[in-house]
Amino acid sequence: YNPGFPFLYVFESPNALKVTGHLAYLLGGGIMQVIDVSNPSLPVSVGTNFINGHAYGITVAGTRAYVTGSRSVGEDDDIGILQIFSLSSPTNPVSLGITDIPSLGHGVAVDGDYAYVVGQQTALTVVDVSSPADPHPVAKFQTHGWAQSVQVVQGRVFTAGEFSGLEAFNVDNPA
């Protein structure tokens, strides 16, 4: 505990964060919590929404949030997900669409009409998000391990993970 910094109770142990402007989008378990951080000494929870599963990664692009994680499909099985939220009203995220992906998602980056999701079983899944109500995977890449982080820079996707190291993919034609 650091008395010089404020503390704000959140619903579950947070595991992913994206700060955009004065709003922080915090993920914990199956909840997205929106926190106004315009006054850093007094963060205020201003909105929430449920995620269809457990969230592990988030990015914000324009007026949309892209959340990746997993959901249960049986007693002992999970499948990866990518869920898209509208942030047209930033304190009231509204789910637009969701798709299953072949890997438990840990990180996500967006460039144009494509989201790039990294995870455990499949290192990189490319998802067409041009229609947010109907996102769908269009390509996947297997590598030597699983990835936890992803960035898109000038038509290349860079992934990094515990067992895969740094890898680069040419995504000039993602589909």
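The values are calculated or read from the model by the stated rules, or taken from the named source; none is laboratory data. Not measured: the values here are computed from a predicted model. Glycine gets a Cβ as well: all are built from the backbone with ideal geometry, and neighbour counts include every protein chain shown. Keep in mind that these areas ignore ligands, DNA and RNA; they rest on the heavy atoms of the full protein, side chains included. Shrake-Rupley method; radii C 1.70, N 1.55, O 1.52, S 1.80 Å.
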Filter result for Q83 (assigned to a strand (DSSP E or B) and either of a type in the set (A, V, I, L, M) or touching a Ser or Thr at 6+ places or on another chain (Cβ under 9 Å) (or both)): yes
Check on H54, at pLDDT 90 or above, open to solvent by 30 Å² or more (accessible area, probe 1.4 Å) and touching an Asp or Glu at 6+ places or on another chain (Cβ under 9 Å): no
Residues of the stretch 31-80 classified as outside any strand (DSSP E or B) and farther than 15 Å from G21 by Cα, total: 10
Subset of the stretch 73-87 that is of a type in the set (V, I, T) and open to solvent by 10 Å² or more (accessible area, probe 1.4 Å) - its residue that is modelled with the highest pLDDT: I79
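Go through P43, P90, P6 for me and flag whichever is surrounded by fewer than 16 Cβ atoms within 10 Å (Cβ to Cβ) and at pLDDT below 90.
P6
The rows are residues; the columns are (1) at pLDDT below 95; (2) aliphatic (A, V, I, L, M); (3) in contact with a Phe, Trp or Tyr (Cβ under 8 Å, 6 or more places away or on another chain).
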| site | (1), (2), (3) |
| --- | --- |
| H136 | no, no, no |
| A139 | yes, yes, no |
| G155 | yes, no, no |
| G161 | yes, no, yes |
| P174 | yes, no, yes |
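Among the residues of the stretch 158-175, which ones are of a type outside the set (A, V, I, L, M), part of a loop (DSSP other than H, G, I, E, B) and exposed (fewer than 14 other Cβ atoms within 10 Å of the Cβ)?
E162, F163, D172, N173, listed by residue number.
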Residue count for the stretch 108-157, restricted to those that are in a loop (DSSP other than H, G, I, E, B), open to solvent by less than 60 Å² (accessible area, probe 1.4 Å) and closer than 11 Å to P174 by Cα: 1
The one condition in (1) within 15 Å of Q33 (Cα to Cα); (2) over 11 Å from the mean Cα position of the chain (by Cα) that Y66 fails to fulfil: (2)
